[in-house]
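As structure tokens, the structure follows; a few thoughts come after it.
What follows is calculated from the coordinates using simple rules that are stated; it is not laboratory data. Quantities reported herein were computed from a predicted structural model and do not represent experimental measurements. Here the Cβ is made from the backbone with ideal geometry for all residues, glycine too, and neighbour counts use every protein chain on show.
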Amino acid sequence: MMLRRAVSLFLLLAVVSANFGRLFVYAGFSLNQKYIANNLCENRSKPWLHCNGHCYLMKKIKQAEEKEKSDERQTQKSLFQESYLVVYSEIKFHAQLLQIIATPYRANFKTSNFSAIFRPPQAG
């Protein structure tokens, strides 16, 4: 019982972390803003710009968005490939099945009987 709760909590956190990547970027920036402004900021030599590490934050947000887009494209690509394989294999299976199944009923119809029954309507 305890193991199930731990596994479910872990899976829940994994799903949440995958969907809230930008939130973690913001949280990491707010926790380490002083270090980022002093050591990682591109504008640290220009204090009159009052960047305070926001350039670094924007770069990290852009990287997170690009990663999300590439993950989304990869997911769409794999879904397309899976659906293509399923449809193609079903069509191939049905074609093979139709070749295997033999129809036991073969009727020989005479066309002269049909011409007497099926006539186009005549304009009066």
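Which of the residues spanning the range 35-59 are in a helix (DSSP H, G or I) and farther than 22 Å from Lys69 by Cβ?
Taking the range 35-59 first, the residues in a helix (DSSP H, G or I) are 35-40, 47-49, 54-59.
Those that are in a helix (DSSP H, G or I) and farther than 22 Å from Lys69 by Cβ: Tyr35, Ile36, Ala37, Asn38, Asn39, Leu40, Pro47, Trp48, Leu49, His54.
Do you know which of the residues in the range 30-70 that are over 32 Å from the mean Cα position of the chain (by Cα) and basic (Lys, Arg) is surrounded by the most Cβ atoms within 10 Å (Cβ to Cβ)?
Among residues in the range 30-70 that are over 32 Å from the mean Cα position of the chain (by Cα) and basic (Lys, Arg), the one surrounded by the most Cβ atoms within 10 Å (Cβ to Cβ) is Arg44.
Name the pairs whose Cβ atoms lie under 7 Å apart, with the first residue in the range 31-60 and farther than 23 Å from Gly21 by Cα, the second surrounded by 13 or more Cβ atoms within 10 Å (Cβ to Cβ) and among the small types (Gly, Ala, Ser), and 6 or more positions between them or separate chains?
What qualifies is Arg44/Ala37.
Would a scan of the range 25-34 turn up a residue that is touching a helix residue (DSSP H, G or I) at 6+ places or on another chain (Cβ under 6 Å) and under 21 Å from Ala64 (Cβ atoms)?
Yes, the range 25-34 contains a residue that is touching a helix residue (DSSP H, G or I) at 6+ places or on another chain (Cβ under 6 Å) and under 21 Å from Ala64 (Cβ atoms).
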